[in-house]
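None of the figures in this text is laboratory data; all of them are computed from the coordinates on show. Bear in mind that the values here come from a model prediction, so they are computed numbers and not experimental data. Here Cβ is always computed from backbone atoms with ideal geometry, including for glycine, and neighbour counts include all displayed protein chains.
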Amino acid sequence: MHSKETALVVLSGGQDSATCLGWALERFGRVSTIGFHYGQRHTVEMDCRLRLMDEVRRLSSGWNERLADDTTVELALFRELGRTALTHDVAIEMGRNGLPTTFVPGRNLVFLTAAAAHAYRQGIRHIIIGVCETDYSGYPDCRDDTIKAMQVALNLGMESRFVLHTPLMWLTKGATWELARQVGGDAFVEVVLEHTHTCYKGARTTGHPWGYGCGDCPACDLRRQGWADYLRNCSGGGC
């Protein structure tokens, strides 16, 4: 660990945020988590995050001691503001604006604002979110420039000194699997594989070598390819 401070992880229940949780547990004295019900079609991820935290606690006594409180927040406004493929039964495709229909406008901006408001009340300075600009769907609120701008805005608006950490920003999905192995070993990789959910459609009845999902949506495609890249790297002596 490099800090005795507390960090707050935005934990969705997916592969990326789970990896960020492991990353934080290796670096901070205490780690709190926050999750959001925003009317997502794949609401099963919110069930997965609870099991995920239980499994993480079992992996390491140190992680168990450092993993602190969890908070969930209701954000029904995203369903009320408009239809997207993550909040309504809408086809997953590219929209006329050049962004996929899975883009929920303002989602990560609101997540970070709510997380910072919670962190402010708890005296937490470090906020961790699993956004990525390398393997992503083109979401503008996942870009490095956006996160840097949000850090400035939150610090000005709350007169604070928050630090927004994005450990996956420049990693491919294969490298994200490798980061999970680096912070928690093969046992943590197995937990991420079995107990996280990434599929946009919320399908969790079919298991694949790379985890559960419909196998057809863009999120499943990314996870499948990332797992294949990770195994390829391992077979070449990278693990």
Self-check item: Student exercise, segment 125-219 dipole from Lys, Arg, Asp, Glu Cβ charges, in Debye to nearest 20
Solution: 180 debye
Quiz item: With N residues in segment 1-95, what two-decimal value do you get for its Cα radius of gyration over 2.2 N^0.38 Å?
Solution: 1.25
Exercise. In nm, give the distance between the simple-model label positions of L77 and V90, each being 7 Å from the Cα along the Cα-to-Cβ direction.
Key: 1.8 nm
Quiz item: What does the highest-first list of 111-123, 138-150 look like by mean Cβ count within 10 Å?
Solution: 111-123, 138-150
Quiz item: How large is the charge dipole for segment 1-108, taken about the Cα centre, if only the Cβ atoms of Lys, Arg (+1) and Asp, Glu (-1) carry charge, to the nearest 20 debye?
Solution: 160 debye
Exercise. Please list, or write none, the lysines whose alpha carbon is within less than 26 Å of the alpha carbon of K4, excluding same-chain residues fewer than 8 places away.
Key: K148
Quiz item: Cα extents of the chain along the three principal axes, largest first, in whole Å?
Solution: 45, 43, 29
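Mean separation of Cα pairs under 8 Å and 6+ residues apart, divided by the residue count of segment 6-238: what relative contact order is that in percent?
Details: 410 pairs, mean separation 54.0, N = 233.
Answer for segment 6-238 is 23 percent.
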Quiz item: Which order, highest average first, do 220-228, 186-194, 59-67 follow once you tally other Cβ atoms within 10 Å for each residue and take the mean per peptide?
Solution: 220-228, 186-194, 59-67
Quiz prompt | Extension gain from D186 to R121, taking 0.36 nm per residue of separation minus the Cα-Cα distance | solution = 19.8 nm
